[in-house]
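Below: the structure, in structure tokens.
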Amino acid sequence: MRWLAKAALQNTISVLPGGVEVNGLLQRYGTRSVVMTPQRVVRKLARVGGRHLDHQRRFGPRPLTETEVVEIGTGFAPLLPVGLYLAGAKAVHTFDIVRLASTARTCDMLEQLVATADSGGLERECPWVLPDRLDHVRAIAADPPLELDRLLAEMRISYHVGDASRSGLPDGSAGLFVTNNVFEHIPAEGIRALLREAHRTGTPQALISHHIDLRDHYAKFDRKVGVYNSLRFSSRRWRYLNSRLEPQNRLRRPDFLRLVDECGFDLVAEDSHNGNDAHFAAVRPAPEFGRYDEADLRIVDMWIAARRRG
């Protein structure tokens, strides 16, 4: 099966020097999953940025213009941080465990944003973009600084490489914490540490907003694999099949909600969705998943927002 070949390839790459970068090149030039086009950029910004901004408008303690934002999981280009800047964020701190973003990829992304603005697509899909901020991004894209940190600083974005659970940010400094497709890759203890840090650095009633993709991520590569495929395997077997470059923790909805509650946040919004019924019917979950209700096992996509308690 193709997904098994991918697992073997990624786990081989993971032990090589620069394995993360090699995997990024394969995604860019092989599967082309990280190649940016104007349509892909604006679609992702509208879908992800729009949902986080909706949570902020509905539940945030202060307007975005008065809010410092923390994003975890910068990725190959800081699209969400730039989107938050365009929406009016006071400042954005973006964290990644390794340095994936580069000046070239960021400039490419800015050019795609400007192209969508010129075609009218950005205004149509992302009506929350502020005209003066967009004008500033146009100017940066036309003559960008050569150094990435300086380039991002022009948009009030700070790029941090390291463990976001030891962020170094002051107590009570940030009002919004966001992730997109990050928590499904981190062990429960790692998520707990990140949420505790968000509680420490959060303002009173600070908001956390997270998109969590519970699908088997191999299904994105191998269409013959259903979105519930990973549930078939025991933890022992999954250790060998799981990608070391893009690990999937296989936590389910109750696990994430429990972690949010344990770390001092009260859930204020949830939007969860099931996968394909035929895919679920084709899978016999491993015995260890018997502790979950079937309704929770069926959920493969979650948006949650929670407010800092105390």
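At a glance:
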{"quantity": "Boolean, ALA282 is surrounded by fewer than 16 Cβ atoms within 10 Å (Cβ to Cβ), over 30 Å from HIS55 (Cα atoms) and touching a Gly at 6+ places or on another chain (Cβ under 7 Å)", "calculated": "yes"}
{"quantity": "Residue count, segment 103-132 (criterion: closer than 30 Å to SER165 by Cβ, modelled with pLDDT of 95 or more and not hydrophobic (A, V, I, L, M, F, W, C))", "calculated": "2"}
{"quantity": "Of the criteria (1) in contact with a Leu (Cβ under 7 Å, 6 or more places away or on another chain); (2) closer than 20 Å to HIS52 by Cα; (3) aromatic (Phe, Trp, Tyr), which one PHE256 fails", "calculated": "(1)"}
{"quantity": "Segment 137-155 residues that are closer than 16 Å to ARG99 by Cα, paired with ones that are in a loop (DSSP other than H, G, I, E, B) (beta carbon under 8 Å, 6 or more apart)", "calculated": "LEU148/ALA101; LEU148/SER102; LEU151/PRO144; LEU151/PRO145; LEU152/PRO78"}
{"quantity": "Pairs where the first residue, in segment 226-244, is without any contact (Cβ under 8 Å) to a residue 60 or more places away in the chain and more than 10 Å from ARG215 (Cα to Cα) and the second is outside any helix (DSSP H, G or I) and charged (D, E, K, R), C-beta under 7 Å, 6+ apart", "calculated": "ARG232/ARG284; TRP238/ARG250"}
{"quantity": "Of all residues making up segment 88-139, the number that are closer than 18 Å to VAL48 by Cβ and part of a strand (DSSP E or B)", "calculated": "5"}
{"quantity": "Subset of segment 60-95 that is more than 19 Å from VAL41 (Cβ to Cβ) and among the charged types (D, E, K, R) - its residue that is surrounded by the fewest Cβ atoms within 10 Å (Cβ to Cβ)", "calculated": "GLU66"}
{"quantity": "Residues satisfying the stated conditions in segment 186-198, i.e. surrounded by fewer than 18 Cβ atoms within 10 Å (Cβ to Cβ) and of a type outside the set (Gly, Ala, Ser)", "calculated": "PRO187, GLU189, ARG192, ARG196"}
{"quantity": "Matching residues in segment 239-267 - criterion: being at pLDDT below 95 and either farther than 30 Å from ARG308 by Cα or in contact with a strand residue (DSSP E or B) (Cβ under 9 Å, 6 or more places away or on another chain) (or both)", "calculated": "ARG239, TYR240, LEU241, ASN242, SER243, ARG244, LEU245"}
{"quantity": "Qualifying residue in segment 292-300 (condition: touching a Lys or Arg at 6+ places or on another chain (Cβ under 6 Å) and closer than 15 Å to ASP216 by Cβ)", "calculated": "yes"}
{"quantity": "Residue count for segment 60-76, restricted to those that are modelled with pLDDT of 95 or more and either closer than 25 Å to GLY190 by Cβ or among the polar types (S, T, N, Q) (or both)", "calculated": "9"}
{"quantity": "Residues of segment 134-155 satisfying the condition of being buried (at least 17 other Cβ atoms within 10 Å of the Cβ) and either in contact with an Asp or Glu (Cβ under 7 Å, 6 or more places away or on another chain) or not aliphatic (A, V, I, L, M) (or both)", "calculated": "ILE140, ALA141, PRO144"}
{"quantity": "Test: ARG244 is basic (Lys, Arg) and in a helix (DSSP H, G or I)", "calculated": "no"}
{"quantity": "Residue count for segment 259-289, restricted to those that are assigned to a loop (DSSP other than H, G, I, E, B) and free of Cβ contacts under 8 Å to residues at least 24 places away in the same chain", "calculated": "0"}
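This table checks each residue for (1) without any contact (Cβ under 8 Å) to a residue 24 or more places away in the chain; (2) under 14 Å from GLY175 (Cβ atoms).
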| site | (1), (2) |
| --- | --- |
| GLY49 | no, no |
| ARG57 | yes, yes |
| ARG62 | no, yes |
| ALA89 | no, yes |
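Every residue, every condition in (1) of a type in the set (Lys, Arg); (2) part of a strand (DSSP E or B); (3) over 27 Å from LEU113 (Cβ atoms); (4) touching a Pro at 6+ places or on another chain (Cβ under 6 Å), yes or no:
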{"position": "ALA141", "(1), (2), (3), (4)": "no, no, no, no"}
{"position": "PRO144", "(1), (2), (3), (4)": "no, no, no, no"}
{"position": "ARG150", "(1), (2), (3), (4)": "yes, no, no, no"}
{"position": "PRO170", "(1), (2), (3), (4)": "no, no, yes, no"}
{"position": "LEU176", "(1), (2), (3), (4)": "no, yes, no, no"}
{"position": "GLU189", "(1), (2), (3), (4)": "no, no, yes, no"}
{"position": "ARG192", "(1), (2), (3), (4)": "yes, no, yes, no"}
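The values are calculated or read from the model by the stated rules, or taken from the named source; none is laboratory data. Being a predicted model, the structure only gives us computed values, none of them experimental. Cβ sites come from the backbone with ideal geometry, for glycine too, and all protein chains shown count toward neighbours.
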